[in-house]
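All remarks here apply to the structure that follows.
The values are calculated or read from the model by the stated rules, or taken from the named source; none is laboratory data. Bear in mind the structure is a predicted one, so any value in this text is a computation, not a measurement. Ideal geometry is used to build each Cβ from the backbone, glycine not excepted, and the neighbour counts take in all protein chains shown.
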């Protein structure tokens, strides 16, 4: 790490590095300047001291990761009628509107619905209702799984345990 930004600029530009609040400058790994620094071309390298993350901060970060994972699962699609349907927000809203129409009007049907890009089908009233229930159940299942995993993450007792907690694997494991 070097503190002389003028010197760093002469080595290849500040856009290949960044400086932290203390004025320490770090080379992007793999950059020519980084390789030269590792080879000792610019003199001794100050030791890097990694900051320790607290257990509460590690848990908070892992819970934020869980939030994002749940969201990705929610909008990632759901199985329906032997295929996959979209469950992004836009699709959820359209399906909810069609579901409400189908509940209120037993004769309501949709002659052409694009289930996924390029796949079209007609939806009768019963299929629209089933589609709405499928999406609702899919979304609720993501919250249910998050609710099951949240206490386990919150109860982890070390930063190492938090780092080792694999949300994807735990999400897929039987509840």
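For (1) surrounded by 13 or more Cβ atoms within 10 Å (Cβ to Cβ); (2) in contact (Cβ under 8 Å) with a residue 12 or more places away in the chain, each residue gets a yes or a no:
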{"residue": "69", "(1), (2)": "yes, yes"}
{"residue": "92", "(1), (2)": "yes, yes"}
{"residue": "120", "(1), (2)": "no, no"}
{"residue": "143", "(1), (2)": "no, yes"}
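Which members of segment 135-175 meet the condition of being outside any helix (DSSP H, G or I) and closer than 16 Å to residue 58 by Cβ?
155, 156, 157, 158, 165, 166
For segment 122-139, name all the residues that are in contact (Cβ under 8 Å) with a residue 60 or more places away in the chain and either surrounded by 18 or more Cβ atoms within 10 Å (Cβ to Cβ) or more than 15 Å from residue 94 (Cα to Cα) (or both).
Across segment 122-139, the qualifying residue is only 138.
Considering only segment 95-112, state which residues are surrounded by fewer than 16 Cβ atoms within 10 Å (Cβ to Cβ) and under 27 Å from the mean Cα position of the chain (by Cα).
96
Within 19 Å of residue 83 (Cα to Cα), part of a helix (DSSP H, G or I) and under 27 Å from the mean Cα position of the chain (by Cα) - does that describe any residue in segment 113-128?
No, that holds for no residue.
Which residue is nearest to residue 154 (Cα to Cα), if the candidates are limited to segment 41-78 and must be more than 29 Å from the chain's Cα centre (by Cα) and either in a helix (DSSP H, G or I) or modelled with pLDDT under 75 (or both)?
Checked segment 41-78; the qualifying residue nearest to residue 154 (Cα to Cα) is 48.
Of everything in segment 145-166, what is under 20 Å from the mean Cα position of the chain (by Cα) and crowded, with 17+ Cβ neighbours inside 10 Å? Give them in sequence order.
Matches in segment 145-166: 145, 146, 149, 153, 162, 165.
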